[in-house]
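This report concerns only the one structure given below.
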Amino acid sequence: MNSIVSVTRDGDVAIILLHNPPVNALSHRLREPLDAALKAARDDPAVKAIVLACAGRTFVAGADITEFGKPQKAPSLHDLIATLETITTKPTVAAIHGTALGGGLELALGCHFRVADKGARLGLPEVKLGILPGAGGTVRLPRILGPEKAVAMIVSGTPIGALEAEEAGLVDALVDDLVPDAVAFAREADETNRALVAVRDRNTRIEAAQADMSGFEKAVTEATKKTRGLEAPLACAQAVCNAVTMPFDDALGAARRTFERLVAGDQSKAQRHLFFAEREAARVEGVGKEVKPREIRKAGIIGAGTMGGGIAMSFVNGGIPVTILEMSKEALDRGLGMIDRNYGISVSRGSLSPEAHKKRMALFTPTTNYDDLADADIIIEAVFEEMAVKKEVFSKLDAIAKPGAILASNTSYLNINEIAAITKRPGDVLGMHFFSPANVMKLLEIVRGDKTAPDVLATALATAKKIGKVPVVVGVCNGFVGNRMLGARNDESENLLLEGASPEGVDKVFTDFGWPMGPFAMWDLAGMDIGWRNRKAHGKTAVIGDALCETGRYGQKTGAGVYLYEKGSRTPTPDPEVAKLIEEKAREAGIERRTISAEEITERTLYPMINEGARILEEKIAARPSDIDIVWINGYGFPIGKGGPMFWADLTGLRKIAERLEYWHGKTGKQVFAPAPLLKKLAAEGKGFSSLGASRT
Ligand code: NAD
């Protein structure tokens, strides 16, 4: 036996120990010796029972994703499970700690019994990679949990804890001393002649569902309510359905074929790309493992407005107490009232207990006095977006913050270096750009200033994780990565209207693509007045946006913007008045309106975004294309199944995108269409953004 699989004996119980760090993934180098070990134990008359356990921090946490998309070298996971199921006279026991995920749980389902330590988690998260559990998970799990619970678990991909697993029958015993207790369990099963029924042969729950499908059908409807245009959740539900309606081997065969189809498809490639991209984004130049983050025990937030309140909630949700500062008691009361109401909504939806609500509120300390922030380990300002105000706040913070405290700005556009320069500690200053609503949105752009210290970045990255955010480190420029690209997208939106498109027509192209909403619905959601004031301050104009704002149409908050909103509703209704306004403005500008195709809308909105992404890479504002994808997926609702703008650009072909940008540049003379040198170069070489490095799908 090699060191990846070792076999020891405790009396007449064979212990097969897997050791394939870091997560005991089911790579071929593990499968081959494991299959041999199982067969040897099966055929050894001196062995009466078999325990399958793992060394290190976890049981098998899944397949080896790098093998996806290639034919699996024998023995496959199917072969392994088939071998396990040839063991019919000796109890087989999976001893689970850490996480038994995906192929790991499928392997455990090939055993007669599963024992687990109390901290273990079990699940089939394949759906998150755009696939389904292809090695029997969809047919075996329903035989234990019943198809209702199984469909919920497989379609969501969310693992369950050991306690819940034991209650549901997925785990046969919870133990304290895993391997010795698993050995004792196996020995007892042998000595008491416990019935050894393979999971595949347990049909009671399947037959019950067959007799009355109504509960299962309801569970399927519930589980597939929000599939966001993704194929995998529906395929998972169908596979569990097959487990109920088809003989075992037919349902297993169908699941395998669906797995093969999904794994070769663009959606799964996109989702696997994002899986690696998120890990990759945590690797930051100059911030190696030797750089230790500073300790964050207390946070300070300046400003209890839209963003300050949401950021404060994120910290409190992550268990970090927050002192929140405002200019007046009224503003504080307003801010904390909003936070209290937000938690109240979670309580009424059942996602937060009334006790937890109380506990969270107790973690806020309101103040109007800067001295109360003197013991904060990190202070984030979310005051008005004006350089003068930001500078004033940072001067005050510099005077009172303790040495080593991190000073962060939530600015959307402003120059972090300029803000840092006002302090005597620019190394401690950086941008932490949250997205609205900040307690919900996952993205955190961490803006690295010229002087930001490596351990300050490391701390921001660690803190992001602690408060449930997905961090991406970006450089200083106007709008950083996300808003800068959004600007490029917005540039043409109004022109499309003037030239003949309707807001709902443009938005439909976006929702058909898979976005939750189009650019105009987003204007209304965010409120158009912010941009309008900003334009006025900088002497800029936007024909339609300005005209709407001048009549008090700011968006959802005023009941009307680009669209109309019925009282209390967030559903946009096209407004004939707006259609008239657009026609009028087009006439004034001497534009003859025409029919605009969906293709043109895509080319004039998404291609400039990708072009701007290329510039961002040239300027090293983002370290890698996949970082840009993470920004757009987690901050702006780019459809997951398309993998982010840069991944999608590669699928579309950079040559095509460069050609069309050239075309529109020639036609309009606009800078947003002038292909970035990097884009041109890659297109000419027949390459994609992925050739610049990063994710490995
Ligand atoms: P907001 O107007 O809702 O809140 C700002 C709050 O800061 C107000 O409550 C105000 O009383 C307070 N404030 C102003 N000056 C202050 C000072 N000197 N001391 C203490 N408190 C002060 O604004 P917002 O939307 O929360 O934006 C805040 C920051 O976040 C801005 O820099 C903005 O660009 C950025 N941001 C906003 C969004 C968004 O979608 N709203 C998204 C990301 C980032």
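The values are calculated or read from the model by the stated rules, or taken from the named source; none is laboratory data. A quick note: this is a predicted structure, and the numbers were derived from the prediction, not measured. Note that each Cβ is placed from the backbone with ideal geometry, even for glycine, and that neighbours are counted across all protein chains shown.
Hand me the list of helices (runs of 4 or more DSSP H) wholly inside the stretch 612-697 holding 1 or more residues that are at negative phi, of a type in the set (Lys, Arg) and assigned by TED's automatic domain parsing to the domain that holds residue 434.
On the way: elements: 625-635, 645-652, 654-668, 677-684.
Of the helices (runs of 4 or more DSSP H) lying wholly inside the stretch 612-697, none has at least 1 residues that are at negative phi, of a type in the set (Lys, Arg) and assigned by TED's automatic domain parsing to the domain that holds residue 434.
What about residue 251, is it within 30 Å of residue 385 (Cβ to Cβ), part of a helix (DSSP H, G or I), more than 16 Å from the ligand (Cβ to nearest atom) and hydrophobic (A, V, I, L, M, F, W, C)? Full working, then the answer.
Details: within 30 Å of residue 385 (Cβ to Cβ): no; part of a helix (DSSP H, G or I): yes; more than 16 Å from the ligand (Cβ to nearest atom): yes; hydrophobic (A, V, I, L, M, F, W, C): yes.
Answer is no for this residue.
For the stretch 509-518, how many residues meet the condition of being surrounded by fewer than 22 Cβ atoms within 10 Å (Cβ to Cβ) and in contact with a helix residue (DSSP H, G or I) (Cβ under 8 Å, 6 or more places away or on another chain)?
Here the count works out to 4.
Residue check: is residue 6 over 35 Å from the mean Cα position of the chain (by Cα) and either among the aliphatic types (A, V, I, L, M) or at negative phi (or both)?
Criteria met by residue 6.
Being within 10 Å of the ligand (Cβ to nearest atom) and touching a helix residue (DSSP H, G or I) at 6+ places or on another chain (Cβ under 6 Å) is true for just one of 383, 347. Which residue is that?
Result of the check over 383, 347: 383.
Which is aliphatic (A, V, I, L, M), more than 9 Å from the ligand (Cβ to nearest atom) and in the same structural domain as residue 335 (by TED's automatic domain parsing), of 414, 397?
Working: 414 fails: more than 9 Å from the ligand (Cβ to nearest atom).
Within the list 414, 397, the selection yields 397.
Can you run down the residue pairs with Cβ atoms below 7 Å, 6 or more apart or on separate chains, where the first is in the stretch 179-208 and surrounded by 14 or more Cβ atoms within 10 Å (Cβ to Cβ) and the partner is among the aromatic types (Phe, Trp, Tyr) and in a helix (DSSP H, G or I)?
200/248
From 449, 468, 487, which residue is of a type in the set (Gly, Ala, Ser) and surrounded by 23 or more Cβ atoms within 10 Å (Cβ to Cβ)?
On the way: 468 fails: surrounded by 23 or more Cβ atoms within 10 Å (Cβ to Cβ); 487 fails: surrounded by 23 or more Cβ atoms within 10 Å (Cβ to Cβ).
Every option except 449 fails the conditions.
When the stretch 223-239 is examined, which residues are found to be loosely packed, with under 13 Cβ neighbours inside 10 Å and either hydrophobic (A, V, I, L, M, F, W, C) or touching a residue at least 24 places away in the same chain (Cβ under 8 Å) (or both)? Please lay out each step first, then the result.
Filtering the stretch 223-239 down to residues loosely packed, with under 13 Cβ neighbours inside 10 Å leaves 225-226, 228.
Within the stretch 223-239, just 228 meets the criteria.
This table checks each residue for (1) free of Cβ contacts under 8 Å to residues at least 24 places away in the same chain; (2) under 28 Å from the mean Cα position of the chain (by Cα).
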| position | (1), (2) |
| --- | --- |
| 479 | no, yes |
| 482 | no, yes |
| 486 | no, yes |
| 489 | no, yes |
| 494 | no, no |
| 501 | no, no |
| 511 | yes, yes |
| 514 | no, yes |
| 517 | no, yes |
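Collect the residues in the stretch 418-445 that are within 12 Å of the ligand (Cβ to nearest atom) and either farther than 18 Å from residue 339 by Cα or not assigned by TED's automatic domain parsing to the domain that holds residue 390 (or both), keeping them in residue-number order.
Correct list: 419, 431, 432, 433, 443, 444, 445.
Going by the conditions given, is residue 479 within 16 Å of the ligand (Cβ to nearest atom) and buried (at least 24 other Cβ atoms within 10 Å of the Cβ)? Break it down into steps so the answer makes sense when it comes.
Working: within 16 Å of the ligand (Cβ to nearest atom): yes; buried (at least 24 other Cβ atoms within 10 Å of the Cβ): no.
No: the conditions fail for residue 479.
Go through the stretch 330-362 and give me each residue that's under 18 Å from residue 307 (Cα atoms), of a type outside the set (Asp, Glu) and over 25 Å from the mean Cα position of the chain (by Cα).
331, 332, 334, 335, 336, 337, 338, 341, 361
Considering only residues that are assigned to a loop (DSSP other than H, G, I, E, B) and crowded, with 19+ Cβ neighbours inside 10 Å, which ones fall in the stretch 315-343? Don't jump to the end; show me each part of the working.
Restricting attention to the stretch 315-343, the residues satisfying the condition of being assigned to a loop (DSSP other than H, G, I, E, B) are 318-321, 326-328.
Answer for the stretch 315-343, where residues must be assigned to a loop (DSSP other than H, G, I, E, B) and crowded, with 19+ Cβ neighbours inside 10 Å: 320, 326.
Tally up the residues in the stretch 373-425 that are buried (at least 19 other Cβ atoms within 10 Å of the Cβ) and aromatic (Phe, Trp, Tyr), please.
Matching residues across the stretch 373-425 total 1.
Answer with yes or no whether residue 618 is within 20 Å of residue 655 (Cβ to Cβ), modelled with pLDDT of 95 or more, in contact with a helix residue (DSSP H, G or I) (Cβ under 7 Å, 6 or more places away or on another chain) and surrounded by fewer than 16 Cβ atoms within 10 Å (Cβ to Cβ). Explain how you work it out, then say what you get.
Working: within 20 Å of residue 655 (Cβ to Cβ): yes; modelled with pLDDT of 95 or more: yes; in contact with a helix residue (DSSP H, G or I) (Cβ under 7 Å, 6 or more places away or on another chain): yes; surrounded by fewer than 16 Cβ atoms within 10 Å (Cβ to Cβ): yes.
For residue 618, the condition - within 20 Å of residue 655 (Cβ to Cβ), modelled with pLDDT of 95 or more, in contact with a helix residue (DSSP H, G or I) (Cβ under 7 Å, 6 or more places away or on another chain) and surrounded by fewer than 16 Cβ atoms within 10 Å (Cβ to Cβ) - is met.
Inspect all residues belonging to the stretch 485-492 and state whether any of them is within 30 Å of residue 401 (Cβ to Cβ) and within 15 Å of the ligand (Cβ to nearest atom).
So the first thing to find is which residues in the stretch 485-492 are within 30 Å of residue 401 (Cβ to Cβ), and the list is none.
No, the conditions are met nowhere in the stretch 485-492.
Does the stretch 153-168 hold any residues that are assigned to a helix (DSSP H, G or I) and touching a Leu at 6+ places or on another chain (Cβ under 9 Å), and which are they? Lay out the reasoning, then the answer.
Initially, the stretch 153-168 is screened for residues assigned to a helix (DSSP H, G or I), giving 153-156, 162-168.
If the condition is that a residue be assigned to a helix (DSSP H, G or I) and touching a Leu at 6+ places or on another chain (Cβ under 9 Å), then 153, 154, 155, 162, 163, 164, 165, 166, 168 are the ones that fit.
If the Cβ limit is 8 Å and pairs must be 6+ apart or interchain, which residue in the stretch 322-350 that is in contact (Cβ under 8 Å) with a residue 24 or more places away in the chain and assigned by TED's automatic domain parsing to the domain that holds residue 373 pairs with which residue that is among the aromatic types (Phe, Trp, Tyr) and within 11 Å of the ligand (Cβ to nearest atom)?
Sorted first by the residue in the stretch 322-350, then by its partner, the pairs are 325/370.
Does residue 456 satisfy being assigned by TED's automatic domain parsing to the domain that holds residue 324, over 27 Å from the mean Cα position of the chain (by Cα) and hydrophobic (A, V, I, L, M, F, W, C)?
Values: assigned by TED's automatic domain parsing to the domain that holds residue 324: yes; over 27 Å from the mean Cα position of the chain (by Cα): no; hydrophobic (A, V, I, L, M, F, W, C): yes.
No; evaluated as a whole, the condition is false for this residue.
Residue by residue through the stretch 412-457, note down the ones that are within 17 Å of residue 384 (Cβ to Cβ) and modelled with pLDDT under 95.
412, 413, 414, 436 - these are the residues of the stretch 412-457 that are within 17 Å of residue 384 (Cβ to Cβ) and modelled with pLDDT under 95.
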